[in-house]
Amino acid sequence: MKKTIFEEMGGTYTQIGDYFLPDLKLPEEETKPIGIWGQRHRRYLKEHKKAIYTTLLTSGKLNGYLADIDEQAKKMFFRLVKQMAERESVTEHLKADMQFEWVQKMNNIHNSAMEIVNEEIIFA
């Protein structure tokens, strides 16, 4: 019997009943830890950019891509928080003197930085 193109390329079949089904599996993917930013981006891709998500998943590049996005977002978030805190004079001195005002300003800074990261990286 003549080999199929699939068999010529190294593919194999498994017989299940009367049918021969190809043994298909995704390529091996390096597993890296993915933080909250990468998980948010994965959810966004899965819900709104299905073609990109499927392409990354089937090519074995999804985990590395999400780990990279997570790292970029994390660095941007901490850099923005630091810059905003300096600009608004939120210092350790303010933290020691007026704790509630410091907490209020830091929460505002965190929320603003989170919105910027979401807009620029996560939902882009």
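The values are calculated or read from the model by the stated rules, or taken from the named source; none is laboratory data. Every value quoted in this text rests on a predicted model; they were computed, and no experiment measured them. With ideal geometry, Cβ positions are generated from the backbone for all residues, glycine too; neighbour counts draw on all protein chains shown. Accessible surface areas use protein heavy atoms only, side chains included; no ligands, DNA or RNA. Shrake-Rupley method; radii C 1.70, N 1.55, O 1.52, S 1.80 Å.
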* **Counted residues, the stretch 97-124 - those being exposed (fewer than 12 other Cβ atoms within 10 Å of the Cβ) and either touching a Gly at 6+ places or on another chain (Cβ under 8 Å) or charged (D, E, K, R) (or both)** => 3
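Determine whether Phe77 is open to solvent by 80 Å² or more (accessible area, probe 1.4 Å) and either in a helix (DSSP H, G or I) or of a type in the set (S, T, N, Q) (or both). Before the answer, list the steps.
Working: open to solvent by 80 Å² or more (accessible area, probe 1.4 Å): no; either in a helix (DSSP H, G or I) or of a type in the set (S, T, N, Q) (or both): yes.
Answer is no for this residue.
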* For Glu47, are the conditions met, namely being farther than 21 Å from Met114 by Cβ and of a type outside the set (A, V, I, L, M, F, W, C)? -> no
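Quick one: in the stretch 57-74, of everything that is out of contact with any helix residue (DSSP H, G or I) (no Cβ under 7 Å at 6 or more places or on another chain) and polar (S, T, N, Q), which residue is most open to solvent (accessible area, probe 1.4 Å)?
In the first step, residues of the stretch 57-74 are kept if they are out of contact with any helix residue (DSSP H, G or I) (no Cβ under 7 Å at 6 or more places or on another chain); the result is 57-61, 63-64, 68, 71.
Adding the requirement that they be polar (S, T, N, Q) leaves 58-59, 63.
On the way: Thr58: 75, Ser59: 51, Asn63: 29 Å².
Applying the filter and picking the extreme gives Thr58.
Filter the stretch 21-61 down to residues that are closer than 25 Å to Phe6 by Cα and of a type in the set (A, V, I, L, M) and give me whichever is modelled with the highest pLDDT.
As a first pass, look at the stretch 21-61 and keep what is closer than 25 Å to Phe6 by Cα: 21-29, 51, 54-61.
Narrowing the set further to residues that are of a type in the set (A, V, I, L, M) leaves 21, 24, 26, 51, 56-57.
Values: Leu21: 83, Leu24: 78, Leu26: 69, Ala51: 97, Leu56: 93, Leu57: 90.
Among those that are closer than 25 Å to Phe6 by Cα and of a type in the set (A, V, I, L, M), it is Ala51.
Within the stretch 57-70, can one find any residue that is touching a residue at least 40 places away in the same chain (Cβ under 8 Å) and touching a Phe, Trp or Tyr at 6+ places or on another chain (Cβ under 8 Å)? Give the steps one after another, and end with the answer.
As a first pass, look at the stretch 57-70 and keep what is touching a residue at least 40 places away in the same chain (Cβ under 8 Å): 69.
If we keep only those that are touching a Phe, Trp or Tyr at 6+ places or on another chain (Cβ under 8 Å) as well, we get 69.
For the stretch 57-70, residues touching a residue at least 40 places away in the same chain (Cβ under 8 Å) and touching a Phe, Trp or Tyr at 6+ places or on another chain (Cβ under 8 Å): present.
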* **Residues that are touching a residue at least 12 places away in the same chain (Cβ under 8 Å) and either among the acidic types (Asp, Glu) or open to solvent by 80 Å² or more (accessible area, probe 1.4 Å) (or both), drawn from the stretch 80-96** => Glu88
